Amino acid sequence: MFKVRHLLIVASLFFSAQALALPEESRTPGGVALIPLQGIDADRLPNAWYKSHRVMVVPTEDTRFAGTAKWLAVVGIPLKADSGEPQLMVANGKEFPFQIEGKEYKAQYLTVKNKKHVDPDPEQVARWRKESVEMASAFKNWQEPNKMVTNFILPADGPFSSPFGLKRFFNKKPRNPHSGLDIAAPLGAPIIAAADGVVSAVGDYFFNGKTVILDHGHGLTTMYCHMSDIDVKLGDQLKQGELLGKIGKTGRVTGPHLHWGVSLNNTRVDPLLFIEEKKP
């Protein structure tokens, strides 16, 4: 019993020593909710869930929440969430209801020359479905590394060409909203790891092109798409800033760029909420 309690205390001190920088809160579709777990004083990380997915929980350090709770849930909100519907998260069996506000994202109209990326044939649809299962597995994975990651650096150098959440139309046909951030950069420019993580998926996918997914632990992953070259392999342990590959124009694109996605509790959220020093 002494050893178990000692390990829990050490783990708590370790997390506290990291001085976690929390993502920016935005209780909107595609945003992040920071929910103090009032009334839960467990010695170990509480077990929290939202919409059937495990939720990241961190020790409460931020002065905004000081004295309100020992633990803080960091919850990703789906782009399709209805602002009129009450949201519910559960931690250690206790319910934590919360509300979200509506947000209107702009529309973007793109012309894609390769018609298969707009109207794929049955064989291409079958390929996409198979690849989607592989990527979904990476997004759903749960691991608890010693170092908790709660913010990122930008993975490429360049202007933001398409923000998160855009209502997208390809050749005037409506498609799913933009679930990441596009960074325009020259072909062959470097792409780096936004934070420490392990490579959980590598592939050349129908829509996303050459892609890498990094697992940062506690339900937080990042995805890097449309690459020209991939310089890592499945299972590689990477440090923040290490080279992943190079900017490309593979998959469904209109030019060279990086599509960078962030997934929290298997929910695609706005990557800029995790960046402290944003740029235009």
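Here are some notes:
- Computed over neighbours whose Cβ is under 12 Å from that of Ile40, the net charge equals 0, Lys and Arg +1, Asp and Glu -1.
- Centroid-to-centroid separation of the stretch 43-74 and the stretch 81-109 [C-alpha atoms, Å]: 17 Å
- Using the Cβ of Gln240 as centre and a radius below 12 Å, the other residues enclosed give a net charge of 0, where K and R count +1 and D and E count -1.
- Solvent-accessible area per residue, Å², over the stretch 198-280 with all protein chains present [probe radius 1.4 Å]: 36 Å²
- When the convex hull of its Cα atoms is projected in every direction, mean area for the stretch 181-280 (nm²): 6.1 nm²
- For the stretch 127-280, with +1 on Lys and Arg beta carbons and -1 on Asp and Glu, the positive-most of Asn208, Pro159, Leu234 along the dipole: Asn208
- Computed FRET value (nearest 0.05) for Ala42 with Trp128, which takes r as the C-beta separation and R₀ as 45 Å: 0.60
The values are calculated or read from the model by the stated rules, or taken from the named source; none is laboratory data. These numbers come from a predicted model, not from an experiment. Glycine gets a Cβ as well: all are built from the backbone with ideal geometry, and neighbour counts include every protein chain shown. Surface areas here come from the heavy atoms of the whole protein model, side chains and all, with no ligands, DNA or RNA. Shrake-Rupley method; radii C 1.70, N 1.55, O 1.52, S 1.80 Å.
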